[in-house]
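Scroll down for the structure; my scribbles are underneath it.
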Amino acid sequence: SCRILHRLAYPDDRLPFPKTWYVFTVLVMFLVATAPRVNRFVHCLHADALALLVSAVSFWSILFYKRAPSWRRVVFMGLCPAIGFLVKQFLLVWAGVMCLILFLDEPKKIGRLLFFSAASGFFIAVAIGGCYWLWGDPFVFWVFRVVGGARRSISFSAEDYRMSVPRSIDHALQAWPEIAIGLIGGWLILRGPNVRKLGPLWLGWLALIGAEALTSGVGWSVLYHFGPGVLIGAIWLFSALPRFWPFYKIASDAELPLVMYWVRPLVAMAGVLTLFVTLHVLPSGAKNEPRYWRGRQGWVDVYRYISEIEHEF
């Protein structure tokens with residue numbers, strides 16, 4: 001996804017040090033996928049880890065279509081929200097995100113938008129119908145009454161278990177450093193003609209973050225709803241960084257060339273350090289750090305639980 005988005009943004013640029021960027025991007029994406037606040041349970045809850053995978057594939061399907069539009073690729077996009085529903089019901093939001101992107105990208109092509117809506121609606125109906133055929137009333141109870149129910153309504157009180165706007169705002173502020181990864185990536189990449197070409201994709205990402213913030217309001221400390229959005233935001237950042245990385249030489253007639261020679265790499269190092277602080281990966285001896293590297297005795301039961309599940313699998 002990073003490679004495709006970079007090529008869409010800078011079709012005439014040659015990626016500097018491509019193997020180095022590939023390794024660096026993969027390793028940082030791993031840290032993003034295990035971020036201790038917004039991806040808190042990916043190592044022990046399979047649904048959260050699969051939600052990241054489905055979201056990454058959903059975003060890739062949009063880029064896949066954007067690179068070479070075709071009806072078949074629209075169908076592939078329409079399949080993603082249905083697969084997301086089978087993993088985690090919240091991922092139905094991808095249908096709305098994709099509709100928004102398609103509409104903003106080319107508002108005059110209503111036929112394409114209607115075709116996508118019909119395709120995604122058909123696949124979602126098949127997914128729901130298949131689940132009901134397999135499980136019947138228990139499926140309806142758990143998915144539409146327990147997971148849905150009163151929690152589908154919006155509240156301005158922080159005391160009940162509906163989607164509380166005050167809690168949503170609180171969670172968005174807590175997750176702000178992780179959300180800022182995508183904001184900075186968009187700010188770097190959306191310049192010149194890229195505003196019109198890639199702006200709808202970035203607005204779709206903002207809509208995803210907004211939906212995650214809203215649904216996180218069902219309870220306190222539900223920051224793990226932001227996981228997929230933060231992962232997509234990291235894709236934006238690492239699609240933009242190669243363009244601005246200080247690898248090129250300083251011009252001989254530049255003002256204060258020696259200062260510029262040192263400032264650029266120092267700024268880049270400060271940026272990497274800030275990213276690692278955001279993802280809580282700096283080594284620390286404090287046992288209350290989320291990535292305490294010596295391990296915690298209190299997690300023995302969790303690891304035994306994971307081991308038993310893997311053994312059964």
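The values are calculated or read from the model by the stated rules, or taken from the named source; none is laboratory data. What you see is a predicted model, and the numbers here were worked out from it, not measured in a lab. FYI the Cβ positions are ideal-geometry reconstructions off the backbone, even for glycines, and counts take in every protein chain you see. We work out accessible area using only protein heavy atoms, side chains counted, and drop any ligands, DNA or RNA first. Shrake-Rupley method; radii C 1.70, N 1.55, O 1.52, S 1.80 Å.
Numbers at a glance
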item	result
Breaking point among (1) of a type in the set (Gly, Ala, Ser); (2) touching a helix residue (DSSP H, G or I) at 6+ places or on another chain (Cβ under 6 Å); (3) within 18 Å of residue 98 (Cα to Cα), for residue 185	(3)
Every residue from the stretch 179-204 that is without any contact (Cβ under 8 Å) to a residue 40 or more places away in the chain and on the phi < 0 side of the Ramachandran plot	187, 190, 191, 193, 195, 196, 202
Top-ranked residue in the stretch 201-236 [being open to solvent by 10 Å² or more (accessible area, probe 1.4 Å) and over 19 Å from residue 48 (Cα atoms); ranked as farthest from the chain's Cα centre (by Cα)]	203
Unmet requirement for residue 92, which otherwise passes all of (1) touching a residue at least 24 places away in the same chain (Cβ under 8 Å); (2) open to solvent by less than 50 Å² (accessible area, probe 1.4 Å)	(2)
Filtered residues of the stretch 65-89 (kept if buried (at least 19 other Cβ atoms within 10 Å of the Cβ) and among the aromatic types (Phe, Trp, Tyr))	65, 85
Exclusive hit being open to solvent by less than 40 Å² (accessible area, probe 1.4 Å), farther than 30 Å from residue 47 by Cβ and modelled with pLDDT under 80, set 254, 240	254
Hits in the stretch 264-286 - residues which are at pLDDT below 80 and in a helix (DSSP H, G or I)	264
